[in-house]
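Step one of this worksheet: look at the structure below.
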Amino acid sequence: MSNQRGPGTAVGAPGRRGSGLTRPFAGSIAGATSSMAVGTALSRLTGVARLMAVTVALGGAGFADAYNLANTTPNIIHDIVLGGVLAATFVPIFVDRLTTRDPDEAWRAISAVATATVLLLVVATVAFFVLTPEIVRLYTVANTSPDVRSQQRVATDLLRWFVPQLAGYGLLSLFTALLNARERFAAPMFVPIVNNVLTIGVLLWFHAIVPHPTLATVAQHQSALVLLGAGTTAGVLLQAVALVPSLRAAGLHVRFHWDPANEALRTVVRLASWTFALVVANQLVLVLVLALADGIRTPGAVSAYTYAYTFFQLPFGVVAISVMSAVTPGLSARWAVGDLDAFRRRFASGLRAMLAVIVPATVAMVVLSHPLVDLLLAHGAETPAAAGLTGATLALFALGLPGYSLFFYVVRALQAMQDTRTAFFLYLVENVVAVATALALVGPLGVRGLALSLTVGYSVATAAALEVMHRRLDGLGGTMVSRPLRRVAVATVCMGVVMVLASGVTSGRSDTSLVLRVLLAGVTGGGAYLGVVAALGARSARRGAPEETSGLGPSPVTPHTVVLRPPGRDDHPSQPSPRPHPSQPRPGSPPMAPGFDDAPSAPTPRSGNPTPGVRWSGQRPRARRPTDGPFRDRLDGPGTGKDRRRPVDDRPKEEGPDEPGAGGHR
């Protein structure tokens, strides 16, 4: 049921012009990610402030568990109804239509999908409100504590106020997909700030009314409960409204267009079948984990899991989500035009950029989990014991951060390839391993065992996912990825040692001591990491080790590479000068930033290249890759001067009758 379009497959009708995107999604990952990273960082920082307000106002016991269970549910329902399907299909399909179809046809298709999405959200929101009591009872099925009835009653009252969040989250997802399809990435990353600021104000207001809320005392303050529920929901709705100006500025031509027979909508439905199955499986696992946490006799287990998971999401959201959001439209465009080589380079560049931050962030989070949680959460209604449980849970979550980030990155790449079937089976592996581990560890380790189950599940599934992508792409980037990551690994080990030593300077639990530990460990560890990376990079440069960067730069000469002098200066005057592809820089242009140049090199038709197999090269010609064919016309690394540039013939030597594919083109 997956629509696996391989490289070279025609897209759209022959001769049909695209929607004005002559060079679709050619921006570098660095440029697209920088603004998103800033917005996400600010959003996550205000999210941490919101989490601090939650612990001050609600604490980490029974009432906080009821609030967190109810406030998590709209996200779960949204992912089941729309979120996962939208992420898997909307952006790739929108990009496909905008890249390969007539503008009017493309916007009619996008409008049909958007209209169906809004109607689905209305129906789902009404059903969600009706089923609210049953959903709460499902959460608390494993809870045998005496106050379970009070928890169910409070959670149900809050959840009814939280139901409109489903529509808000759905509109947010739709608006974000439309903006990403037009290469507008920053605004969706900044708007959560509005939600967080409003919710912080509501929580502090609630705290002023009910300083020490419990399941028993909150029943006497129904107006405060209404304030908490309505105010939290208002933040989500305002977040969606905040994207409207960006939608107006993006040049979208979306209108109400009910067309259930539209080809794009049928494609969404076809791809969504596998995605819907994996999303349902994921959310059922989450419900199971929350039910197991609620059944643990330790008070505040649900809140400890929720708070630790929020901290765990901080580096993932700032780095991994930003990279994935920037990479996905470009991957979709490259897959749509059948350029596997550019797809691989884009995938490898994003992989390297993400891990360069995620790997050291993992070590930092493990080392600083306890002092960080004590500093930020051990205030107000949050007890030191509850903060200690949250810190231990966070450390076990952090161990799985690389696997967690890599898994979602690979799934995004598969979704860009419109292969939701493979993504489903990878998720199935993760869910089976995570559930088995959770059931085995929840008894002896409690909520910490639930965190460790996520780490184990995603780590195992990531190994399988990378193997799948290695086979699909005929490699994952080679030395372009492995050499920088070796430097990252060495630098991360040095950083971890420095941070452990620095954090042991003081062991006090006062706010001053905690601030000193976190700042000292963070500054010295970060300095050590950057210093080691720079030193290793300089050492590699002195050795002159060839390192391919995103398809550009020097690479060794291979037996298949024939160096020719420029026309008029060689012994072969009949050899014409190559013509670079319009999307590529011309000879003598300034070099692009290494590691982030992944502009698409669209396949060149046989009749459009006067010199098949000839390319322009710098001082060192590029090594021939298995996917290179004799009809590729490209530039690989600017030279140092006009006289130093020379065309290089990539045509292979004459092959024998037993060798496959004369010319080597696949």
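Since every read-out is calculated from the coordinates, none of them should be taken as a lab result. Quantities reported herein were computed from a predicted structural model and do not represent experimental measurements. Neighbour counts are summed over all protein chains in view; Cβ atoms, including those assigned to glycine, are modelled from backbone coordinates with ideal geometry.
Side notes on the structure shown:
- Radius 14 Å from Cβ of Val367, net charge of other residues (Lys, Arg +1; Asp, Glu -1): 0
- Couplings 3J(HN,Hα) for the stretch 174-182, derived from phi with the Karplus relation 6.51 cos²θ - 1.76 cosθ + 1.60 (θ = phi - 60°), are 5, 4, 5, 4, 5, 5, 5, 5, 9 Hz, where x marks Gly and Pro.
- Rounded FRET efficiency, nearest 0.05, which uses the C-beta distance separating Val244 from Val197 and R0 of 22 Å: 0.75
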